[in-house]
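Asks: Pasting in a structure now, in C-alpha cells, and then I'll have a few things to ask.
Nothing in this text is a laboratory measurement; each read-out follows from the coordinates by a stated rule. Keep in mind it's a predicted model, so treat the numbers as computed, not measured. Cβ sites come from the backbone with ideal geometry, for glycine too, and all protein chains shown count toward neighbours.
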Amino acid sequence: MSVKTSQPFTKKQVRDSFNKAASTYDGFAVLQKEVCERLLERLDYIKIQPQRVLDLGAGTGQGTRSLAQRYPQADIIALDLADKMLLKNKTNFLSQQNISLKQKARQFFKAKQACQYVCADAEFLPFADASIDIIFSSLTIQWCTDLAALFYEIRRVLKPGGLLMFTSLGRQTLYELRASWAAVSDKVHVNQFMDMHAVGDVMSQVRLENPVMDNDTIVLNYQSVKQLLLELKAVGAHNQNQGRETALTGKKRLQAMYDAYEQYRNEQGLPLTYEVLYGHAWNPQTPMQLSQSDGTSISLAQLKSTLR
C-alpha cells in the first residue's frame, strides 16, 4: 500500500529550495500567512488541552508562535525539512516586532519550555508512538512524495483521540501559469497538486477517524508575470519537477508565455489562483487494524513494512 503523489521531485530539491528562500520568505509569503491564519481559526472550535503539539512543516514559524500562545502549557515542537527555515523560525520566535527578550519570555514562555526544533522528513517522524496530541500542518503535505507513508506516520505518533489539522494545495492551483506555459512549451514548468478527494481517500485508507476535507479559492493579483514568478521563487515554491526545462529559458519563449498570460488580465491585474485544501481527522481511541482486500487484518507494523 503506497500512494505516490504526482510530483516527481526529490526531497533534496525541496529542502534546497526552501533553504534558499529562508531569508526572503517572510517578505513575500502573503498567501501562506493568510492560509495559516485561517487554519489557526479552525482550532477555536476544538476543545482540547494538549500536552504536546507538533507544527509539521513549520517553516519560519507563524504557526509555531501562534500555537505557543494558544497552548501555553503545552510542549511545542517545530519540525521542518529545511534547516535554514527552522533557524529563521527560532529567530522569529525570540525577536518579534522589537519586543525585548524579557517581554517575549513573559508573552511566550509561560510554558515549561519555549519550543523544540527538529529538522526531519514528515514521512519519517522521529517521535515515539502515541506521543503527540495535535499535529498542525499548513501548506506542507503538497511537498511530500508518499501520502500513505505520511498519514501512517501521523497515525503512529498521534495519541489515541489525537487531532490532525492541515492545509494543502489542490489541482486548480496555479492553473493560469500552467496553461500559459503549456501554450508555448511541452516541458513541465509548474508544479502539479493532488485532487482533494484523493487526499481524503488516503486518510480513510490509513483509518484516520472522521476525516473531513473542504476547499476554498484564493486569488492573488499581480501587475506583471515577472513579479509573480519572482514571488514564487522568494517563497521556495517555484518549479521543482524533474521533467522541468533544464536549459535557460530563452527570452522569446519567456515573452511568449508572458503574452499568453495576458488573456487572464482583469481590472485587478494578472490573477494567480490557489485552490486551498483544508483537512482534519482524529486518531481512533482504539489500536489500528487495517483490512486487506481478502478481509484479513494487518497490524501497524505490517503496514509500515509495506510503505517503506
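Asks: Order 48-55, 262-269 from most to least packed using the mean count of other Cβ atoms within 10 Å.
Replies: Numbers: 48-55: 19.6, 262-269: 11.5.
Output ranking for 48-55, 262-269: 48-55, 262-269.
Asks: Region 186-204 to region 31-82: how many Å between their Cα centroids?
Replies: If you average the Cα positions of each part, the centres end up 24 Å apart.
Asks: Considering Cα pairs under 8 angstrom that are at least six residues apart, work out the relative contact order of region 1-85 and quote it in whole percent.
Replies: On the way: 68 pairs, mean separation 29.1, N = 85.
Relative contact order comes out at 34 percent.
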